[in-house]
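As structure tokens, the structure follows; a few thoughts come after it.
The values are calculated or read from the model by the stated rules, or taken from the named source; none is laboratory data. What you are looking at is a predicted structure, and each value in this text was computed from that prediction instead of being measured. Ideal geometry is used to build each Cβ from the backbone, glycine not excepted, and the neighbour counts take in all protein chains shown.
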Amino acid sequence: MEPAELLAAYEQMAVIRRTEKAAHDLFLQGLVKGTTHLAAGHEAIAVGASAALRPDDYVFATYRGHHHAMARGATPEECLAELMSRATGLCKAKGGSMHLTKASTGMLGSYAIVGAHLPMAVGAAWSARLRGTDRIAVAFFGDGATNIGAFHEALNLAAVWKLPVLFVCENNLYMEYTPIADVTAVARPAADRAPAYGIPGEVVDGNDVVAVQETVARLAARARAGDGPALLEARTYRHFGHSRADPATYRPAEEVERWLKHDPLDLARGRLIESGVPEAVVHEADERATTAVQKAVEAAKAAPAPDPDEALTDVWADGGAAWRT
Amino acid sequence: MEPAELLAAYEQMAVIRRTEKAAHDLFLQGLVKGTTHLAAGHEAIAVGASAALRPDDYVFATYRGHHHAMARGATPEECLAELMSRATGLCKAKGGSMHLTKASTGMLGSYAIVGAHLPMAVGAAWSARLRGTDRIAVAFFGDGATNIGAFHEALNLAAVWKLPVLFVCENNLYMEYTPIADVTAVARPAADRAPAYGIPGEVVDGNDVVAVQETVARLAARARAGDGPALLEARTYRHFGHSRADPATYRPAEEVERWLKHDPLDLARGRLIESGVPEAVVHEADERATTAVQKAVEAAKAAPAPDPDEALTDVWADGGAAWRT
Amino acid sequence: MADVISYREAVAEGIAREMRRDPNVVCLGEDIGEAGGVFKTTAGLLKEFGPERVWDTPISEQAIVGAAMGAAMTGMRPVAEIMFSDFLACCWDYLANEIPKVRYMTGGQVTVPLVVRTANGGGLGFGAQHSQATENWAFTVPGLKIAAPATPADVIGMMAAAIRSDDPVVFFEHKGLLAAKGAPVPPDHVVELGRAAVVREGVDVTLVALASMVPVALKAAELLSGEGVEAEVVDLRCLVPLDVSTVLASLGRTSRLVTVEENPYQGGWGATLVSVVADEGFGLLDAPVRRVAGECVPLPFADALEERVIPTVEKVVAAVRGLAAY
Amino acid sequence: MADVISYREAVAEGIAREMRRDPNVVCLGEDIGEAGGVFKTTAGLLKEFGPERVWDTPISEQAIVGAAMGAAMTGMRPVAEIMFSDFLACCWDYLANEIPKVRYMTGGQVTVPLVVRTANGGGLGFGAQHSQATENWAFTVPGLKIAAPATPADVIGMMAAAIRSDDPVVFFEHKGLLAAKGAPVPPDHVVELGRAAVVREGVDVTLVALASMVPVALKAAELLSGEGVEAEVVDLRCLVPLDVSTVLASLGRTSRLVTVEENPYQGGWGATLVSVVADEGFGLLDAPVRRVAGECVPLPFADALEERVIPTVEKVVAAVRGLAAY
Ligand SMILES: Cc1ncc(C[n+]2csc(CCOP(=O)(O)OP(=O)(O)O)c2C)c(N)n1
Ligand SMILES: Cc1ncc(C[n+]2csc(CCOP(=O)(O)OP(=O)(O)O)c2C)c(N)n1
Ligand SMILES: [Mg+2]
Ligand SMILES: [Mg+2]
């Protein structure tokens, strides 16, 4: 990554981090209903991958997907408005935190059933190929998803059909409250499964935005060239609990400390300074991020609630919800 | 295997072969309704494995399961009566060819949804352990089952919980009409997946009853001793088509010929003669098998049809079918 | 054009017509290519359209339907085959939680124009795991259109409508009807989804049926005619959209309703129709509403047992006779 | 004994009572051990019974329920948790094709004494994939018993009956009721499956409800009482066995039926109940039967939208008022 690119990536990560913090606070204030699964700590995966993808590629994410939505073009305001049940939300307040989607920029959805979107990404890659494009598809998922059936079916089909799809596991060491190591037969839940599908399996530091960008770029180029899928395991850690107000007390303090020291923003900042970018410039990026998110919070708060009758639209392609004639 | 054991195994295989042939003929005569999936060619896997198991172990099989039912104690008459919709059938004519079950001898069922019984076998092994026994469970399944989600979930759970369960894949190179190689990312659909679960994966000649017996005995001892599951891929070939009257024209003539020459009965017969058993003795075993199956066919034909009201029993443990009070 | 076409041939023909019209229509499923499908309902497609349009898959129902979904969201019109409708259970998450919900939960950002075709129903001695009529499973999930044709012409016409639909459609092909024959079907025959057909007129009772139960109801109507009872028979064709108007209009003439369905009584589609009628048609009814439905047991193997479970002509006749007192 | 017990605590207490009684009862599921379940409905079980009785699993719904089935067939009484009832779709094959059918298709050779517990229902802003009331899915499948308690006492009593049952039971714990409180429950409290409860007496109309809809119906009844309409409220408690007698007996007194269900109208459980009544209770009815059910859309996220979709007290009151003309 060139310094300018890295600075842009840094700022994007800073925006995501602040948006997640805002979402957390708004949840505790009762302004965000239901649940949230915050991605603070995971920013480098979304931003690094996004930097390596083309705008016309397809991305599929999980309920922990705010970072992917924003990395693929959703604004903090759109996201927060959705979380706060506003008519101006990304999904008109019909989706909520777990289903952020921005189809217009290729962010084809956040799915809340573990593993379900991996076959969808396979289908998008298949479609890209059938329509004669060289787009690729990427599915981001958690370590916990590697033990569910859909994972296995998706990887095998992608490999057999040699489709341009990347499977990117965000291994944050935990499912909800249980360590992935307790329930997985191999040490590297994703990478160690790649040989079962005859595809490359790699591990990358998911907190290093440069490493993520480079690795995804390489695997994406391979996929785009027709050499088939790959499985990437990006090691990372979440800064908040699993969801809502989970204090994550099941994680050893020493482990938390170690990972908080290995923060994606800190890492990127270090790289920026190292490459000669003045601290003041980085600071300005931080400031811009802070302001942007503050404005987004205010705008989302000010936005109107949805009309209840909106509940009876959008089932069918004609916009309606009639099930009888 | 001692010669006496091998002779018994040979006779059992001969009985199975003749029963399958009878089932085929009865189907063509319209006396067997629905469908059949014959296991002629697969006999050595059922008989070899059975010889290595204890009578109190648990076995789970597929719709292609006649050989397992008989290897685990079902008589040809019980099986054929079931296929011919007789009240005396193994499952009272409620199950049919695809669901042969003999729970009293640990043959816990034949399941017609590909892959579904693998988790059940895991559960039986878990239960064996929880109840403080050293029983093991075995799931037999086809090559096609290795690409379905339940396979993945079952193997991972068995490995994580280190359960006494063996997964035995009967790789006959085809699913229904499509070669397994066309739709599988690795060359050995079962064995090549074992590393993804950190368990042993082996390949055995599934037409050699001695090799099967020895391999299963070794893996069973391991499982019984608490060393966890294993995945065995037994190479074999079916003599009939996939089901019903399928002529299996999708298989190259050369391939068929090669495999018919590698017949499990011929192989066992060769070994018997080699080990000094007189041809006449083998011939007698053949004759006994022929007579037994002929008698079974006659008995099954003579058996009564089920009372239609039997359809309204056996849903609940109380024997009834009432869904309302 | 051949003199007659079978229901089985109509499936392949219906798909082929749409594949000729629209290059975005692709098929995927187990053994659908060279083998032409285990029911021969995709026979000839690989030959005509080649391997870039007709894809054999592993035994991976989740990947089949999940991939179809991803392709549908990105510009294709996939037609996915699930070999037996019982196996919909193996990919139920896609039918229940993903495909019917993604348009709604994204606030209308994406559409999922796909068809999931599947061989449905009993009566062939295939046992408990290969014989169910599962259209009622799909009926529990808002967001799926549900088609279940009873004739070759409807197979072609409804297949056209299903593939052209921008909404997801589950298309139930009844195994018991595959050999049924019908008149050849004119080019560009389209049967709009959600239009029931009055396939026999009558004034004494309305029989509402679907798929294989349509011929059963028609035969019952014939027998009843001999007894002086003229039954009107409505072929629903679709469960969603559900053509309530046609049913209520028929009841306006007959004042009596008997539904004929292969689903088990508990949770069968007839229940929903009856509940609409018990509300909106209360004033029309002269007699109790009867449902001739499957018994609430798994499907048994033996013919004699299966007949005890699945509705038959005799059971329909008996149900109608039972209303004579009113 | 504490003064009150919450529905949430009642789940853990109900399981614990049976685990104390019977060493063959074991639990498995995601995050049920140390974490006590994401809804804290298994809190304390690991501590009391240890890791050989309480097993954390990978995210593998098929393996969880499939393993429970294999264990149940071989002498154990497993209690499997599926975290949200929406995820039943991920192991639907076991619920639809395996567990309810194996006894029947083996001619009665095996039984499957297991409980699948799951957090059900909406109203909490969890969105389309975590909010469904899916008891109607199970209701399409003969061979499953279906329990859905509305009070802490019933949770304990029905949990005892479910775990002791030799038949498979799907046990729906309503997320919206978890915080509800009730009186402490005496030792060995067992509520037989298939017995509805008349939870309020009345003579003008019968409201039949289940789980979280029971308090909704009760509140509606109170409001209606102020208008001079006395509603009888029946808590069904189970869908299978379905207590038709209690409902018909109530109708004998009231002649009017309104069902209150969280399922979508299409394919909801109320439909089957109404169809029984439209047949066997035809002579009792003075008015149309009304179903207050979920709208036929996925569950939306925002509170304002979700309330538009799920039955509310107002909707029940309006439905009953609508019958005043009869
Ligand atoms: C099929 C399914 N099972 C269970 C859940 C409940 N659940 C939601 S998130 C989660 C943990 C997922 O862990 P992981 O895949 O590691 O992702 P992370 O949350 O750590 O990003 C679970 C079990 C679900 N959503 N879907
Ligand atoms: C989940 C599921 N999908 C599809 C089928 C239809 N089907 C029955 S047998 C079969 C082929 C299975 O092949 P394999 O596992 O190799 O076993 P074999 O028949 O060769 O013994 C298929 C696709 C099924 N029964 N279950
Ligand atoms: Mg994780
Ligand atoms: Mg095979």
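Data table
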{"item": "Residue among B:Ala289, B:Ala280, B:Ala302 that alone is among the aliphatic types (A, V, I, L, M), under 23 Å from B:Ala44 (Cα atoms) and surrounded by fewer than 13 Cβ atoms within 10 Å (Cβ to Cβ)", "result": "B:Ala280"}
{"item": "Pick from segment A:73-102, criterion of a type in the set (Ser, Thr, Tyr) and closer than 20 Å to A:Ala14 by Cα, ranking: surrounded by the most Cβ atoms within 10 Å (Cβ to Cβ)", "result": "A:Ser97"}
{"item": "Selected residue (criterion: nearest to the chain's Cα centre (by Cα)) from residues of segment C:86-113 that are surrounded by fewer than 24 Cβ atoms within 10 Å (Cβ to Cβ), at negative phi and within 7 Å of chain A (Cβ to nearest Cβ)", "result": "C:Thr111"}
{"item": "Test for C:Met105: is it closer than 15 Å to A:His117 by Cβ and either in contact with an Asp or Glu (Cβ under 6 Å, 6 or more places away or on another chain) or not acidic (Asp, Glu) (or both)", "result": "yes"}
{"item": "Residue list for segment D:120-137, filter: away from chain A (no Cβ under 12 Å), assigned to a loop (DSSP other than H, G, I, E, B) and either among the polar types (S, T, N, Q) or surrounded by fewer than 24 Cβ atoms within 10 Å (Cβ to Cβ) (or both)", "result": "D:Thr134"}
{"item": "Filter result for the condition that a residue is surrounded by 22 or more Cβ atoms within 10 Å (Cβ to Cβ), more than 16 Å from ligand 1 (Cβ to nearest atom), more than 14 Å from every other protein chain (Cβ to nearest Cβ) and farther than 24 Å from A:Val122 by Cα, over A:Val216, A:Val209, A:Val204", "result": "A:Val209"}
{"item": "A:Val183 more than 19 Å from C:Pro58 (Cβ to Cβ), within 16 Å of ligand 1 (Cβ to nearest atom) and of a type outside the set (Gly, Ala, Ser)", "result": "yes"}
{"item": "Segment C:225-240: number of residues that are closer than 13 Å to C:Glu201 by Cα and touching a strand residue (DSSP E or B) at 6+ places or on another chain (Cβ under 7 Å)", "result": "6"}
{"item": "Any hit, segment B:233-240, residues being in a strand (DSSP E or B), modelled with pLDDT of 95 or more, within 14 Å of chain A (Cβ to nearest Cβ) and within 16 Å of ligand 4 (Cβ to nearest atom)", "result": "yes"}
{"item": "Residues within segment A:17-56 that are charged (D, E, K, R), buried (at least 24 other Cβ atoms within 10 Å of the Cβ) and out of contact with any Pro (no Cβ under 9 Å at 6 or more places or on another chain), tallied", "result": "1"}
{"item": "Filter result for B:Leu100 (more than 16 Å from ligand 1 (Cβ to nearest atom) and touching a residue at least 40 places away in the same chain (Cβ under 8 Å))", "result": "no"}
{"item": "Matching residues in segment B:304-325 - criterion: being among the small types (Gly, Ala, Ser) and away from chain D (no Cβ under 14 Å)", "result": "B:Ala305"}
{"item": "First in segment B:256-277 and assigned to a helix (DSSP H, G or I) and of a type in the set (Ser, Thr, Tyr), second anywhere and at pLDDT 95 or above and surrounded by fewer than 15 Cβ atoms within 10 Å (Cβ to Cβ), Cβ under 8 Å, 6 or more apart", "result": "none"}
{"item": "Which listed residue, of D:Ala287, D:Ala304, D:Ala318, is within 14 Å of chain A (Cβ to nearest Cβ) and either under 25 Å from the mean Cα position of the chain (by Cα) or not in a strand (DSSP E or B) (or both)", "result": "D:Ala304"}
{"item": "Every residue from segment A:56-81 that is under 18 Å from C:Tyr104 (Cβ atoms) and within 8 Å of another protein chain (Cβ to nearest Cβ)", "result": "A:Phe60"}
{"item": "Restricting segment A:189-200 to residues that are in a loop (DSSP other than H, G, I, E, B) and within 8 Å of chain B (Cβ to nearest Cβ), the residue that is nearest to ligand 4 (Cβ to nearest atom)", "result": "A:Gly198"}
{"item": "Filter result (more than 7 Å from every other protein chain (Cβ to nearest Cβ) and either surrounded by fewer than 24 Cβ atoms within 10 Å (Cβ to Cβ) or near ligand 2 (Cβ under 9 Å from one of its atoms) (or both)) within segment B:147-179", "result": "B:Trp161, B:Lys162, B:Cys169, B:Glu170, B:Asn171, B:Asn172, B:Leu173, B:Tyr174, B:Pro179"}
{"item": "Count of segment B:180-196 residues which are closer than 18 Å to B:Pro229 by Cβ and within 11 Å of ligand 2 (Cβ to nearest atom)", "result": "2"}
{"item": "Residue in segment A:116-133 that is surrounded by the fewest Cβ atoms within 10 Å (Cβ to Cβ), counting only those that are within 7 Å of another protein chain (Cβ to nearest Cβ) and farther than 11 Å from C:Thr74 by Cβ", "result": "A:Ala116"}
{"item": "Within segment B:103-115, considering residues that are touching a residue at least 12 places away in the same chain (Cβ under 8 Å) and buried (at least 24 other Cβ atoms within 10 Å of the Cβ), the one farthest from ligand 3 (Cβ to nearest atom)", "result": "B:Met107"}
{"item": "Residue ID - farthest from A:Gly144 (Cα to Cα), chosen from residues in segment D:47-75 that are away from chain B (no Cβ under 11 Å) and touching a Cys at 6+ places or on another chain (Cβ under 9 Å)", "result": "D:Phe49"}
{"item": "1 or more residues within 13 Å of the chain's Cα centre (by Cα), free of Cβ contacts under 8 Å to residues at least 24 places away in the same chain and within 14 Å of chain A (Cβ to nearest Cβ): qualifying helices (runs of 4 or more DSSP H) within segment C:140-258", "result": "none"}
{"item": "Set C:Met76, C:Met19: member being surrounded by fewer than 24 Cβ atoms within 10 Å (Cβ to Cβ) and more than 16 Å from ligand 3 (Cβ to nearest atom)", "result": "C:Met19"}
